[in-house]
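Take a look at the structure below.
Only the coordinates and a few stated rules stand behind these numbers; no lab work does. Computed from a prediction, not measured in an experiment: that's the story for all the values here. Note: ideal-geometry Cβ built from the backbone for every residue, glycine included; neighbour counts use all protein chains shown.
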Amino acid sequence: MINKTIRLLKGYPWFKRLNAKITYELLAKYIPASDWHFMNYGYMANENEKPSDICEKASRQRYSMQMYHYLASKANVEGKKLLEIGSGRGGGANYIVRALKPASYTGMDIAKNSVVLANKIHVAPNLKFIQGSAEAIPLADNSIDVVINVESCHGYGCVATFLAEAKRVLSPGGYLLLVDFRNSLENMKIFKEQLSSSGLECVEEENISDNVVRAIEAEDPEKRELIGKLVPAKWQKLFCEFAGVVGSPFHTTLKAGTRPYYRFVLRKPTLA
């Protein structure tokens with residue numbers, strides 16, 4: 001009965017916003033580990049993608065780091081002004097600042113505790129984290145060169161509003177680089193229609209479900225070890241499902257092809 005009620009409530013924008021905010025507020029507050037920097041499911045590169053030395057040498061969460069590396073590499077971000085919407089614990093922002101040398105990087109998240117944690121554990125002159133909503137970005141029009149969005153917009157109340165806000169803050173010719181999944185083929189079709197109607201040009205789209213599956217499977221022992229270390233025993237089973245370990249519903253549906261995961265490169269027209 002409870003699960004059915006939650007599924008029904010997830011159809012309401014207000015509940016989606018509230019659910020995402022509460023979840024990530026609690027995670028940042030009660031698991032503030034300095035060695036757990038990423039929240040995405042990870043990405044294993046294709047053979048034709050140039051490897052990253054920093055990712056290869058990473059001792060933890062290498063594949064989650066690679067998710068950011070190969071996404072941000074879709075545009076030339078060096079010397080540019082970047083905004084990440086849904087920056088979470090800040091690991092992706094910290095990696096891009098160190099490895100790809102943007103002029104500035106603002107990480108924005110709806111969860112205050114996540115912002116506080118990210119500002120505490122990731123410190124760099126051109127990096128900052130602020131609290132804000134993807135549906136009301138507190139930045140000026142045409143002020144950002146590249147917007148990054150990783151595994152985040154599936155939890156927004158209104159995706160169309162998020163896309164309109166991303167377009168608004170992007171400078172003409174700027175890029176929205178986005179990776180995310182949907183829980184069915186039909187919902188991915190709807191998402192693609194939302195992207196098509198956003199006024200942003202779709203430069204590239206790629207189904208990376210297999211890359212994510214391979215990353216989940218390669219990282220599984222490390223992920224389970226980290227959960228065992230950081231999460232109280234009574235919550236570990238639930239958290240394993242949330243983290244998408246091998247055999248979880250997320251892993252099995254992704255592998256079966258019923259939960260598609262895509263990478264998109266979108267560009268704001270130069271003549272808006």
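The table below gives the values:
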read-out: Over 28 Å (Cα to Cα) - which of LYS189/LYS255; LYS81/LYS223; LYS50/LYS189; LYS167/LYS223 fall in this group; value: LYS81/LYS223; LYS50/LYS189; LYS167/LYS223
read-out: Axial C-alpha extent at least 20 Å, average Kyte-Doolittle at least -1.0 - helices from the chain (DSSP); value: 13-30, 209-230
read-out: Cα centroid separation, the stretch 52-117 to the stretch 189-226 (Å); value: 16 Å
read-out: TYR261, TYR175 arranged by Cβ crowding within 10 Å, fewest neighbours leading; value: TYR261, TYR175
read-out: Hits among aspartates and glutamates - C-alpha to C-alpha of LYS57 under 16 Å, sequence gap 8 or more where chains match; value: ASP35, GLU219, GLU222
